[in-house]
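Contents: one structure, followed by commentary.
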Amino acid sequence: MQGSIMNKTRALVQALVCAGLGSCLLAAEAYAQSQVEVYGLVGAYVGSVKRSGDKSAVTVEGGGGLTTSYLGVRGQEALGGELKTIYALESFLRPDTGEQGRSAADPLFSRNAWIGLAGGFGSVTLGRQTNPTYGVMSRLSPFGSSVVFSPLALQTFVAAYGGSILGDSVWNNTIAYSIPSINGFGATAIYGLGEQANRAGVANLGLHGTYGSGKFMAALSAQRLRINGAAPLPVEQDAYLAGANYDFGSVKVYANAGRTAIHGSAVTRLGDAGVSVPLSAAGSLLAEVARTSARMPGSAQTRRTTASVGYDYRFSRRTDVYAIYLLDRKSSASAAGSTALGIRHLF
């Protein structure tokens with residue numbers, strides 16, 4: 001198993017390096033028509049992790065942290081007029097072990113693998129694509145879309161923290177259409193084919209809108225989940241998320257609300273608020289708290305509260321270090337805390 005993973009990782013790196021080298025060898029005229037870029041992010045953290053309900057803390061070194069590490073190649077080719085081909089192939093990485101993917105269950109290009117056309121009409125893309133509900137969280141939380149430290153992402157997409165939204169943060173077999181930005185407004189519709197014989201309607205669907213003007217940004221997402229990976233769910237889930245942020249200069253504030261409902265089963269409601277306070281030209285204080293309440297038919301309501309506070313210091317536009325404390329408490333157990341020190345570099 002380890003040899004197979006190492007071979008896949010080696011093949012991935014070789015493919016991406018070759019793609020990058022190939023782009024450098026293009027003639028000037030060809031380069032004007034076709035562009036290829038190799039990029040990614042490497043991050044790691046060390047710390048002590050204890051969730052509410054755990055018997056004891058675990059000392060860990062994680063490959064990721066504020067952003068999950070990844071390696072990618074993307075490009076485009078001009079086809080005439082405004083029309084162009086666009087594509088991206090991205091793989092999650094675990095620098096702590098050198099393995100590909102968030103876990104051994106991930107495919108080779110686990111973060112994104114899509115191709116499409118873009119032009120004045122917007123863009124149409126096909127393949128494995130990031131769920132826009134998760135993608136927009138990078139702008140709705142002071143901790144970004146971190147599945148390690150962001151209370152918003154933890155309580156929506158991470159099962160260990162009672163994640164209320166079923167399914168992965170990446171959807172398979174999708175067709176997505178995004179409109180061109182109109183006066184700060186953008187929208188995306190995504191449809192994930194279930195690929196079930198004689199059951200064409202067994203598919204995932206998402207509708208997402210964003211608006212940005214000056215120091216203000218807002219987002220609204222709605223999705224219907226019927227397929228989890230390749231497996232149809234016995235009952236579909238509807239999920240909604242609305243959020244916004246505003247930068248006052250001395251402080252940037254965030255607020256979010258969410259709701260999920262499994263037909264005839266659990267209903268959850270989420271409230272979330274956060275701030276980012278610049279303490280210097282390079283350093284910022286980050287704080288956020290999220291609470292989710294859940295109710296099953298015939299059962300008492302349960303609650304979970306997760307809060308994070310941290311300090312992020314940027315050495316440059318590409319490299320930063322951070323220290324974070326996370327407190328977690330669910331209604332059936334006592335509170336527990338986690339601490340971490342981390343570093344990340346974008347390239």
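What the table shows:
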{"quantity": "SER293 paired with THR97, simple spin-label distance in nm, labels 7 Å along Cα-to-beta-carbon", "calculated": "3.9"}
{"quantity": "Where GluC sites (Glu not before Pro) fall in DSSP loop in region 79-166, at most 16 other Cβ within 10 Å", "calculated": "GLU82"}
{"quantity": "Dipole magnitude (debye, nearest 20) for region 219-291, charges at Cβ of Lys, Arg, Asp, Glu", "calculated": "140"}
{"quantity": "Tensor-based shape of the chain (alpha-carbon gyration tensor, a/c under 1.5 rounded, otherwise prolate or oblate)", "calculated": "rounded"}
{"quantity": "Only Lys, Arg (+1) and Asp, Glu (-1) charged, at Cβ; the chain dipole about Cα centre in debye", "calculated": "840"}
{"quantity": "Rounded percent of accessible protein surface that carbon and sulfur make up, the chain, 1.4 Å probe", "calculated": "60"}
{"quantity": "Calculated FRET efficiency for the pair SER331/ALA78, C-beta based, R₀ 56 Å, to 0.05", "calculated": "0.50"}
{"quantity": "Heavy-atom accessible area ranking, 1.4 Å probe, most first, across SER69, SER299, SER181", "calculated": "SER181, SER299, SER69"}
{"quantity": "Nitroxide proxy distance, nm - points 7 Å out along Cα→Cβ at GLU195 and ASP238", "calculated": "2.9"}
{"quantity": "Pairwise FRET efficiency - ALA281 versus ALA159, Cβ, R0 = 45 Å, nearest 0.05", "calculated": "0.70"}
{"quantity": "Cβ-Cβ FRET estimate between ALA57 and ARG317, R0 fixed at 35 Å, reported to 0.05", "calculated": "0.55"}
{"quantity": "Highest-fluctuation residue, ALA307, ALA230, ALA176 considered, GNM on the chain with Cα pairs under 10 Å", "calculated": "ALA230"}
{"quantity": "Alpha-carbon centroids, region 115-172 and region 214-291: separation in whole Å", "calculated": "10"}
{"quantity": "Cα centroid separation, region 182-199 to region 305-347 (Å)", "calculated": "33"}
{"quantity": "Probe 1.4 Å, accessible area per residue of the chain, Å²", "calculated": "49"}
{"quantity": "Potential extension, ARG224-GLU37 segment - 0.36 nm per residue separation minus Cα distance", "calculated": "63.9 nm"}
{"quantity": "³J(HN,Hα), Karplus 6.51/-1.76/1.60, whole Hz, each residue of region 98-111, x for Gly, Pro", "calculated": "x, 8, 7, x, 6, 7, 5, 7, 6, x, 4, 9, 7, 7"}
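The values are calculated or read from the model by the stated rules, or taken from the named source; none is laboratory data. A quick note: this is a predicted structure, and the numbers were derived from the prediction, not measured. In this analysis, Cβ positions are derived from the backbone assuming ideal geometry, glycine residues included, and neighbour counts consider all displayed protein chains. All accessible areas refer to the heavy atoms of the entire protein, side chains included, with ligands and DNA or RNA removed. Shrake-Rupley method; radii C 1.70, N 1.55, O 1.52, S 1.80 Å.
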